[in-house]
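The values are calculated or read from the model by the stated rules, or taken from the named source; none is laboratory data. Quantities reported herein were computed from a predicted structural model and do not represent experimental measurements. Heads up, the Cβs are rebuilt from the backbone with ideal geometry, glycines too, and the neighbour counts pull from every protein chain shown. Note: accessible area is taken over every heavy atom of the protein model, side chains too, but ligands, DNA and RNA are not part of it. Shrake-Rupley method; radii C 1.70, N 1.55, O 1.52, S 1.80 Å.
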Amino acid sequence: GLEGELTYELDDGTAVLAAFSSVPGFPWRVVVAVPESVATQAGRDIQARTAFMYLLAIVLAASLGILGARQMARPVVKLKEAAFEVAKGRLGHRVEPEGSREVVELARAFNFMSRRLEQDQREIDQKNAEIQAFNNELQERVEERTRDLKESQERLVESSRMAAVAATGWWPG
């Protein structure tokens, strides 16, 4: 059997692809001729669809990546903002644990730390108040003793004058 293919061009410039083959058992030959643009159209369609799907996959992957990054970053941003609140003096400030397991654990640790800082600050304030009360009481005692000492000194000076007068025998009057 005679088989083959060939390419030729029509008078109007149209490229044509042709294939031919013998039919076994008959003295016939089958010839199929198609314009090249028609024969290659399916390949071009596949290429175009492949490029579209590739582009769609890139856009979808980027969108999901951005969305996932935002989802992951949001709890971390909340933790950062809560840390700033504690730094500003809002001890005991809490953040709602959310996100991945690690971020939830970090949020719980932050909340524990924040509560402890608040408790420690209350204890420090209480101790400072006790120290201030003790200092005030001590100051009052020092002032009272100082007054007593001044009075004692004045009596001692007066007694010394009286003793000096008695010793000299001189009495004003």
From Ser114, Ser37, Ser100, residue being under 30 Å from Asp12 (Cβ atoms) and small (Gly, Ala, Ser): Ser37
So Val16, is it outside any helix (DSSP H, G or I) and open to solvent by less than 60 Å² (accessible area, probe 1.4 Å): yes
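This table checks each residue for (1) part of a helix (DSSP H, G or I); (2) out of contact with any Asp or Glu (no Cβ under 9 Å at 6 or more places or on another chain).
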| residue | (1), (2) |
| --- | --- |
| Thr7 | no, no |
| Asp12 | no, yes |
| Gly25 | no, yes |
| Val31 | no, yes |
| Ile46 | yes, yes |
| Met53 | yes, yes |
| Leu56 | yes, yes |
On the given criteria, is Pro35 closer than 30 Å to Glu5 by Cα and surrounded by 10 or more Cβ atoms within 10 Å (Cβ to Cβ)? yes
Within the range 65-81, the count of residues that are of a type in the set (A, V, I, L, M) and surrounded by 12 or more Cβ atoms within 10 Å (Cβ to Cβ) comes to 4
Asn135 is checked against (1) modelled with pLDDT under 95; (2) surrounded by 10 or more Cβ atoms within 10 Å (Cβ to Cβ) and fails just one. What number does that condition carry? (1)
(1) open to solvent by less than 60 Å² (accessible area, probe 1.4 Å); (2) modelled with pLDDT of 95 or more all hold for Lys127 apart from (1)
Would you be able to tell me the number of residues in the range 82-108 that are closer than 20 Å to Gln121 by Cβ and surrounded by 12 or more Cβ atoms within 10 Å (Cβ to Cβ)? 10
Unmet criterion (only one of (1) open to solvent by 80 Å² or more (accessible area, probe 1.4 Å); (2) within 30 Å of Leu6 (Cβ to Cβ)) for Phe52: (2)
